[in-house]
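A.B. asks: Input: one structure, supplied below.
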Amino acid sequence: MDAYLALGSNLGDRQHYLRSAIKALQMTEGITVVQESPVFETAAVGYTNQPDFLNMALHIKTTLTPEKLLERALAVETELGRVREIKWGPRTIDIDVLFYGRLIINTETLIVPHPFLHERAFVLLPLRDIAPDWVHPLLRITVHEMAEQVSGKEGVHRWEKPLVNDCVHIEN
Ligand code: X6L
Ligand code: MG
Ligand code: MG
């Protein structure tokens, strides 16, 4: 099955956590990472008094059930040091299931499509780069259309990996 995941990090070496999460997912039997979006740097929303995030999206192929996919995503979060403290607070890594094929799932533990993805520019702008024509099975509009309509795009920018470490200029 084709599925889409959202990754986010705003603690420590954010790029390291994104790369490590992708590697851990790819190492999982039953998950193949097909495509990675570019990385975006995004102002925190929800609880705004926290560091900027790096966000990206992944296209995977999976033979796992939606429940097993979520279970693996949460296990990778834990492996990468995520500790759930304040709600909406800073985290080393967050892995959300956005779409699982065109399935609509509403259980105690899992809602797919992700119930707020259409409201979140930090999800939609990365996703648009890899899945512009994907249709939301409930809203019946494409990712491209959702991205055009979403608010908060001013807080979301393509991230350029720094080429070199920071240097200090010693003045006398
Ligand atoms: C009013 C009420 C407006 C709640 C927004 C939005 C709450 C997003 C939670 C909200 C509201 C969230 C990330 C983030 C979080 C992330 C960026 C959440 C959960 N995760 N900000 N804030 N990237 N930029 O991955 O998404 S907390
Ligand atoms: Mg999230
Ligand atoms: Mg999450």
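The values are calculated or read from the model by the stated rules, or taken from the named source; none is laboratory data. Please read these numbers as outputs of a predicted model, since none were measured by experiment. Glycine gets a Cβ as well: all are built from the backbone with ideal geometry, and neighbour counts include every protein chain shown.
A.B. asks: Pairs, please: C-beta under 6 Å, at least 6 apart or cross-chain, first residue closer than 25 Å to Lys68 by Cβ and in segment 108-132, second outside any helix (DSSP H, G or I) and polar (S, T, N, Q)?
C.D. replies: If the second residue must be outside any helix (DSSP H, G or I) and polar (S, T, N, Q), the pairs left are Pro126/Ser37; Pro126/Asn55; Ile130/Gln35; Ile130/Ser37.
A.B. asks: Does Leu7 satisfy the condition of being part of a loop (DSSP other than H, G, I, E, B), of a type in the set (A, V, I, L, M) and within 16 Å of ligand 1 (Cβ to nearest atom)?
C.D. replies: Details: part of a loop (DSSP other than H, G, I, E, B): no; of a type in the set (A, V, I, L, M): yes; within 16 Å of ligand 1 (Cβ to nearest atom): yes.
For Leu7, the condition - part of a loop (DSSP other than H, G, I, E, B), of a type in the set (A, V, I, L, M) and within 16 Å of ligand 1 (Cβ to nearest atom) - is not met.
A.B. asks: For segment 65-99, give me the residue count where each residue is closer than 20 Å to Tyr47 by Cβ and of a type outside the set (A, V, I, L, M, F, W, C).
C.D. replies: Summing the residues that are closer than 20 Å to Tyr47 by Cβ and of a type outside the set (A, V, I, L, M, F, W, C) in segment 65-99 gives 12.
A.B. asks: From the list Met56, Met27, pick out the single residue that is aliphatic (A, V, I, L, M) and exposed (fewer than 15 other Cβ atoms within 10 Å of the Cβ).
C.D. replies: Matching residue, one of Met56, Met27: Met27.
A.B. asks: OK, next. Which one is farthest from ligand 2 (Cβ to nearest atom), of the residues in segment 11-50 that are touching a residue at least 40 places away in the same chain (Cβ under 8 Å), out of contact with any helix residue (DSSP H, G or I) (no Cβ under 9 Å at 6 or more places or on another chain) and closer than 23 Å to Leu69 by Cα?
C.D. replies: By that ranking, first place goes to Gln15.
A.B. asks: Which of the residues belonging to segment 1-35 are over 14 Å from Leu98 (Cβ atoms) and of a type in the set (Asp, Glu)?
C.D. replies: Those that are over 14 Å from Leu98 (Cβ atoms) and of a type in the set (Asp, Glu): Asp13, Glu29.
A.B. asks: While we're looking at this one, here's another question. Does segment 88-95 contain at least one residue that is over 30 Å from Asn165 (Cβ atoms), surrounded by 13 or more Cβ atoms within 10 Å (Cβ to Cβ), within 14 Å of the chain's Cα centre (by Cα) and not aromatic (Phe, Trp, Tyr)?
C.D. replies: no
A.B. asks: Out of segment 30-50, which residues are in a loop (DSSP other than H, G, I, E, B), in contact with a Pro (Cβ under 6 Å, 6 or more places away or on another chain) and not small (Gly, Ala, Ser)? Write out each step before concluding.
C.D. replies: Of the residues in segment 30-50, the ones in a loop (DSSP other than H, G, I, E, B) are 30, 37-39, 43-50.
When the remaining residues are screened for being in contact with a Pro (Cβ under 6 Å, 6 or more places away or on another chain), the result is 37, 50.
Within segment 30-50, Gln50 is the sole residue that qualifies.
A.B. asks: Checking the structure you have, find out if any residue of segment 103-114 is more than 19 Å from Tyr17 (Cβ to Cβ), at pLDDT below 95 and of a type outside the set (Val, Ile, Thr).
C.D. replies: No - not one qualifying residue is present in segment 103-114.
A.B. asks: In addition: Mind checking whether some residue in segment 69-77 is among the aliphatic types (A, V, I, L, M), modelled with pLDDT of 95 or more and more than 15 Å from the chain's Cα centre (by Cα)?
C.D. replies: Yes: segment 69-77 contains one or more residues that are among the aliphatic types (A, V, I, L, M), modelled with pLDDT of 95 or more and more than 15 Å from the chain's Cα centre (by Cα).
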